[in-house]
Amino acid sequence: FLLMIFFVLVIDLSQKNLEDLILPRAEFMEPDESPPESRPIINILQNGTVVYGGDVYFDPTKDGKNYKKIAALLKDIKDKGINDGTLHEVQKDGLAAKVIDDPILIRADKWTEWHFVGEVMKQCSQPEISFWKVQLALSDQDKETGEKNARIK
């Protein structure tokens, strides 16, 4: 019984940062076989709402085109990650500023307008935030139609 409770809690905690989204289907993909446990995951809902860790940080109906909340969220993720050792800042050749050498995952619904995803990516590139490894989540199967991609060998 205790073992069952343990597995229920572990499974629930591992899905904490994932919103229920219909991810776009990938034509070509590379499987995400061993993602870092500390990788930040930003979810963008169909209407452009930005969710992190189950909390809403940007709502376009309330915030309009004021993207300062997204920048503040990413800066906070960076600062907390550096302080607790889950994110690593490095100096790359040819760059004036230090950058975060760990990836950040952006998950957006299939029907999310591109400019919301682009704005999160733009904020990641700002010098005070400096995530340079941005990963986009895609699916090998369309959740709506059930259509799958052929595996690339």
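The values are calculated or read from the model by the stated rules, or taken from the named source; none is laboratory data. The model shown is predicted, which means the values in this text are computed figures rather than measured ones. Here the Cβ is made from the backbone with ideal geometry for all residues, glycine too, and neighbour counts use every protein chain on show.
Summary table
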{"quantity": "Answer residue from segment 48-63, given it is touching a residue at least 40 places away in the same chain (Cβ under 8 Å) and under 12 Å from Asp109 (Cα atoms) and is surrounded by the fewest Cβ atoms within 10 Å (Cβ to Cβ) among those", "calculated": "Gly48"}
{"quantity": "Lone qualifier among Asp142, Asp102, Asp109 - being at pLDDT below 70, surrounded by 15 or more Cβ atoms within 10 Å (Cβ to Cβ) and charged (D, E, K, R)", "calculated": "Asp142"}
{"quantity": "Any hit, segment 112-134, residues being under 14 Å from the mean Cα position of the chain (by Cα), within 16 Å of Glu30 (Cβ to Cβ) and either at pLDDT below 90 or not in a loop (DSSP other than H, G, I, E, B) (or both)", "calculated": "yes"}
{"quantity": "Every pair of residues 6+ apart whose Cβ atoms lie under 7 Å, when the first sits in segment 15-39 and is closer than 22 Å to Asp102 by Cβ while the second is at pLDDT 70 or above and exposed (fewer than 15 other Cβ atoms within 10 Å of the Cβ)", "calculated": "Lys16/Gly53; Lys16/Gly54; Asn17/Gly53"}
{"quantity": "Residue that is surrounded by the fewest Cβ atoms within 10 Å (Cβ to Cβ) [pool: residues in segment 72-91 that are over 14 Å from the mean Cα position of the chain (by Cα), outside any loop (DSSP other than H, G, I, E, B) and among the hydrophobic types (A, V, I, L, M, F, W, C)]", "calculated": "Val90"}
{"quantity": "Residue within segment 40-62 that is touching a Gly at 6+ places or on another chain (Cβ under 8 Å), of a type outside the set (Asp, Glu), closer than 18 Å to Gln135 by Cα and part of a strand (DSSP E or B) present", "calculated": "no"}
